[in-house]
Amino acid sequence: MIYVTGDVHADLGRFKGKAAKKLKKGDTLIVCGDFGFVWDGSKKEQRVLKWLGKRRYNVLFVEGTHDNLDLLAGYPVVDFCGGKARQISGKCHQLLRGEIYTIESDEVFTFGGGESSDSDARVPGASWWPGELPDPEELAHARKNLAARGNVVDYIITHSASNTVNGFLNMDRDHVNQLEAFLDEVSQTVRYKHWFFGSIHLDKVIPPMYHAVYQEILPLKGMK
């Protein structure tokens, strides 16, 4: 089975709790951004990543705004479930922007990234990276992959929510970035069953087709 959870922020407790212990060999757990385990490249971090790569289930993630994009870029890109992914360690992979993966017969479109609300308090290249927002080539790649599938997928996994959803959650906001605008476009042009995202740190259903995930570990299937 495929499961989803929200921002982990390098907390191994999510992988050692009761819900994670129920995952079986061959299952898949997808983290909706802010994985956090690729951050400083230390030996301790490498030991943790090796441990994650040896889980009996696949550990997959899209990046959020608390992931070291420079370190991630150094990992090898491999063929994975019909798309391209970065292999971090063993069965642990980063799912890349604009890719579509066939996981247990389900078509899953992924697009990581976001916009840090506290970027002015972070250090460029150490705790903040301008690449957290997509460039035109990444958006074009996503549009091309979606068009090749007739703009139909089963599930969408992102870190950020679309501008429409973010506006619903916070009606006082007046800022729209290129990622949120693109995700609005996706919501209007692509047919899908359900959309999961992790950026708002809430476990909340947003009818009819969105689900904010944080600390829960939820089955992908059954969310219609």
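The values are calculated or read from the model by the stated rules, or taken from the named source; none is laboratory data. Note that the coordinates shown come from a computational prediction; the quantities given were computed from them, not determined experimentally. All Cβ positions, glycine included, derive from the backbone under ideal geometry; neighbour counts span all protein chains shown. Quick note on the areas: whole protein, heavy atoms, side chains included, nothing else; ligands and nucleic acids left out. Shrake-Rupley method; radii C 1.70, N 1.55, O 1.52, S 1.80 Å.
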Run the accessible area of the chain with a 1.4 Å probe and give the carbon-and-sulfur part as a rounded percent. 53
Suppose we look only past 21 Å in the calculated P(r) of the chain. What percent of the Cα-Cα pairs does that tail hold? 51
What distance in nm lies between label points placed 7 Å from Cα along the C-beta direction at LYS84 and GLU115? 2.6
Among LYS16/LYS50; LYS22/LYS84; LYS193/LYS221, the pairs whose Cα-Cα distance exceeds 18 Å are LYS22/LYS84
Taking θ = phi - 60°, what integer Hz values does the Karplus form 6.51 cos²θ - 1.76 cosθ + 1.60 yield along segment 132-148, in sequence order, with x for Gly and Pro? 5, 9, x, 9, x, 5, 5, 5, 5, 4, 5, 4, 5, 5, 5, 4, 5
Mind ranking 109-118, 34-43 by how tightly packed they are, going by the mean number of other C-beta atoms within 10 angstrom, highest first? 109-118, 34-43
Between PRO207, PRO130, PRO76, where does the largest GNM mean-square fluctuation fall for the chain, given springs only between Cα atoms within less than 10 Å? PRO207
At a 10 angstrom cut-off on C-beta neighbours, averaged per residue, how do the peptides 47-54, 2-9, 66-73, 17-24 rank from highest to lowest? 2-9, 66-73, 47-54, 17-24
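Please work out the average accessible area per residue across the chain, using the 1.4 Å probe convention, and give it in Å².
Using a 1.4 Å probe on heavy atoms only, each residue of the chain averages 47 Å².
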Considering only the other residues whose Cβ falls under 10 Å of the Cβ of GLU63, what net charge follows from Lys and Arg at +1 and Asp and Glu at -1? -1
Would you kindly derive the ³J(HN,Hα) couplings of segment 102-114 from the backbone phi angles with the Karplus curve 6.51 cos²θ - 1.76 cosθ + 1.60 (θ = phi - 60°), listing them in order in whole Hz, with x for Gly and Pro? 9, 10, 6, 6, 9, 8, 10, 8, 10, 7, x, x, x
Distance from a point 7 Å along Cα→Cβ of HIS9 to each backbone N in segment 29-63: keep the residues under 16 Å and list them by number. 32-39
Using alpha carbon centroids, what distance separates segment 85-148 and segment 150-215, in Å? 15
